[in-house]
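The values are calculated or read from the model by the stated rules, or taken from the named source; none is laboratory data. Keep in mind it's a predicted model, so treat the numbers as computed, not measured. Note: ideal-geometry Cβ built from the backbone for every residue, glycine included; neighbour counts use all protein chains shown.
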């Protein structure tokens, strides 16, 4: 919920979403999530998806890639981040109570975050001229 609220507040009143506005929105959502918890990449949470996705998007735009190409990089990184959680043991959040039993299973938060980021990216990509 915090992520969506931050997304909405960041782009409220923005007429056209370009790569810079999309990046600002992503960073606001990430900051919002980080403000309510202490998780970090490697803890088997949605941050294992969200952080590399944002980093990939920003790296692509910094390298001069188009908005569409940056969206594709974001999705690929989100999916790779999601998949990385299979080899992790949950250290924080609801899954942490499972301990070693969480090994070998995708994290639910990372999986849902990957789906959300893919759908947002696909929606934006479909509207590019």
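Quick notes
- Of the residues making up the range 1-19, those that are under 19 Å from residue 122 (Cβ atoms), touching a residue at least 12 places away in the same chain (Cβ under 8 Å) and assigned to a helix (DSSP H, G or I) number 5.
- In the range 32-43, residue farthest from the chain's Cα centre (by Cα) [restricted to those that are crowded, with 16+ Cβ neighbours inside 10 Å and in a helix (DSSP H, G or I)]: 32
- Failed condition for residue 46, given (1) touching a residue at least 24 places away in the same chain (Cβ under 8 Å); (2) exposed (fewer than 14 other Cβ atoms within 10 Å of the Cβ): (2)
- Failed condition for residue 73, given (1) part of a helix (DSSP H, G or I); (2) in contact (Cβ under 8 Å) with a residue 40 or more places away in the chain: (2)
- Every pair of residues 6+ apart whose Cβ atoms lie under 9 Å, when the first sits in the range 79-102 and is at positive phi and in contact (Cβ under 8 Å) with a residue 24 or more places away in the chain while the second is surrounded by 15 or more Cβ atoms within 10 Å (Cβ to Cβ) and in a helix (DSSP H, G or I): 93/109
- Residue in the range 81-95 that is modelled with the lowest pLDDT, counting only those that are part of a helix (DSSP H, G or I) and touching a helix residue (DSSP H, G or I) at 6+ places or on another chain (Cβ under 7 Å): 95
- Odd one out for residue 60, checked against (1) free of Cβ contacts under 8 Å to residues at least 40 places away in the same chain; (2) surrounded by fewer than 19 Cβ atoms within 10 Å (Cβ to Cβ); (3) over 14 Å from the mean Cα position of the chain (by Cα): (2)
- Exactly one residue out of 29, 68 is touching a residue at least 12 places away in the same chain (Cβ under 8 Å), part of a helix (DSSP H, G or I), surrounded by fewer than 19 Cβ atoms within 10 Å (Cβ to Cβ) and under 18 Å from the mean Cα position of the chain (by Cα): that is 68.
- Within the range 96-129, being crowded, with 16+ Cβ neighbours inside 10 Å and more than 19 Å from the chain's Cα centre (by Cα) holds for one residue alone: 102.
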